1. For the stretch 251-306, please list each of the helices (runs of 4 or more DSSP H) lying entirely inside it that holds at least 3 residues being without any contact (Cβ under 8 Å) to a residue 24 or more places away in the chain.
2. Is there any pair linking a residue in the stretch 117-136 that is within 15 Å of Ser92 (Cα to Cα) to one that is among the aromatic types (Phe, Trp, Tyr), with Cβ under 6 Å and at least six apart or on different chains, and which?
3. Being under 30 Å from Ile189 (Cα atoms) and in a loop (DSSP other than H, G, I, E, B) narrows it down to one residue among Gly333, Gly315; which is it?
4. Are any of the residues in the stretch 330-338 among the charged types (D, E, K, R) and not assigned by TED's automatic domain parsing to the domain that holds Ala112?
5. Which one of the conditions (1) modelled with pLDDT under 95; (2) among the hydrophobic types (A, V, I, L, M, F, W, C); (3) over 20 Å from Val256 (Cβ atoms); (4) surrounded by fewer than 19 Cβ atoms within 10 Å (Cβ to Cβ) does Ala373 fail to meet, given that it meets all the rest?
6. Give Glu198, Glu229 a once-over and let me know the one that is surrounded by 17 or more Cβ atoms within 10 Å (Cβ to Cβ), of a type outside the set (Lys, Arg) and more than 21 Å from the chain's Cα centre (by Cα).
7. Are any of the residues in the stretch 183-191 in contact (Cβ under 8 Å) with a residue 40 or more places away in the chain, under 14 Å from Met310 (Cα atoms) and small (Gly, Ala, Ser)?
8. Would you please name the residue that is nearest to the chain's Cα centre (by Cα), looking only at residues in the stretch 282-315 that are surrounded by fewer than 22 Cβ atoms within 10 Å (Cβ to Cβ) and polar (S, T, N, Q)?
Amino acid sequence: MDTGCLSSMNIAGAKQVRSFAGQLHTQRCFTSSSVQALKTSHRTTFSSTSPGLRNKGKGSRRGLRALQVVCQDFPRPPLENTINYLEAGQLSSSFRSSERPSKPLQVVIAGAGLAGLSTAKYLADAGHKPIVLEARDVLGGKLAAWKDEDGDWYETGLHIFFGAYPNVQNLFAELGISDRLQWKEHSMIFAMPNKPGEYSRFDFPETLPAPLNGVWAILKNNEMLTWPEKVKFAIGLLPAMLGGQAYVEAQDGLTVSEWMEKQGVPDRVNDEVFIAMSKALNFINPDELSMQCILIALNRFLQEKHGSKMAFLDGNPPERLCMPIVNHIQSLGGEVRLNSRIQKIELNPDGTVKHFALTDGTQITGDAYVCAAPGAIYFQESCFLCTYSV
């Protein structure tokens, strides 16, 4: 993607010269790597065929102009004093501080995505022995990434870590890897469907508390929604703002599209905002996604000043996030096994699980079993669960 921005994976420790020919639009470029890293280990040149100033340095192309690239990190927001973060920290610390079991349980977990790995991590913290089985040769599940023959990483999709994610923020802190999150300026940038190549920004002012910072961001943006649309959207959200968590949970039976129609929210709000939000949260369209998912996120954004602030990981998730979890699990006696595909779940006569049967003929037995695999596989004909009523 030749946008003129550098990723941390391209910068860290690399000694290379890069030039991008062609006209580049002026833009801000933010990465996790420090400017010092650029100075000491890397030289990057962005060039343009503009007839203006020319780069006369050694190795420059004739007729190309060097453009300066500024990379900036934004400081981590103060999340540690929010109620949700404190509650998450208290819950996770209870695993470490609980009384050690006289007979640790061996818990077999199917799936080495973030759900399976975090389950194993906290079981190990509590003194038990988790065994994580992953069918593929890569960690992460939906966070998986693959390196191509050129050394570039391909990920499964967009991975954003919001300030309103107290559990995962606490997980980063416990693993000592919070510095691997690249915090961005407090803005939401949307591609405009009817104007290809153009983007619209919702900028959240740092001087205002929630929810006023979000209200200000919406009111100041006049590119995506008209004033009548903003008013109808705000009126539609009032029940969620006033009803709290009870209202949010009651909307689970409605899709995003159904909820918006019920609340009288204009269709263009769906087209301009919620298609992108639905795909960002769950990779599906508004007519397939429960409105509860959207309202959970929106409620957090409205309650917490830094809830909608975003961070990116400074590299590929399997190495930068999943491996620290694996290392933690193994340090406490747990196991994580790749290429361990489950073919069948064998049951006892009373319906309890007897063991997991793997495709290589191995049988894995435990005191307890956890399935942290995607729900969609339950409905596939080849799924190992299809012959059972679970």
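1. 275-282
2. What qualifies is Tyr122/Phe95; Asp125/Phe95; Ala126/Phe95.
3. Gly315
4. The answer is no, given that none of the residues of the stretch 330-338 is among the charged types (D, E, K, R) and not assigned by TED's automatic domain parsing to the domain that holds Ala112.
5. (4) is the only condition that Ala373 fails.
6. Of Glu198, Glu229, the one residue that is surrounded by 17 or more Cβ atoms within 10 Å (Cβ to Cβ), of a type outside the set (Lys, Arg) and more than 21 Å from the chain's Cα centre (by Cα) is Glu229.
7. no
8. Asn282
The values are calculated or read from the model by the stated rules, or taken from the named source; none is laboratory data. Please read these numbers as outputs of a predicted model, since none were measured by experiment. Here Cβ is always computed from backbone atoms with ideal geometry, including for glycine, and neighbour counts include all displayed protein chains.
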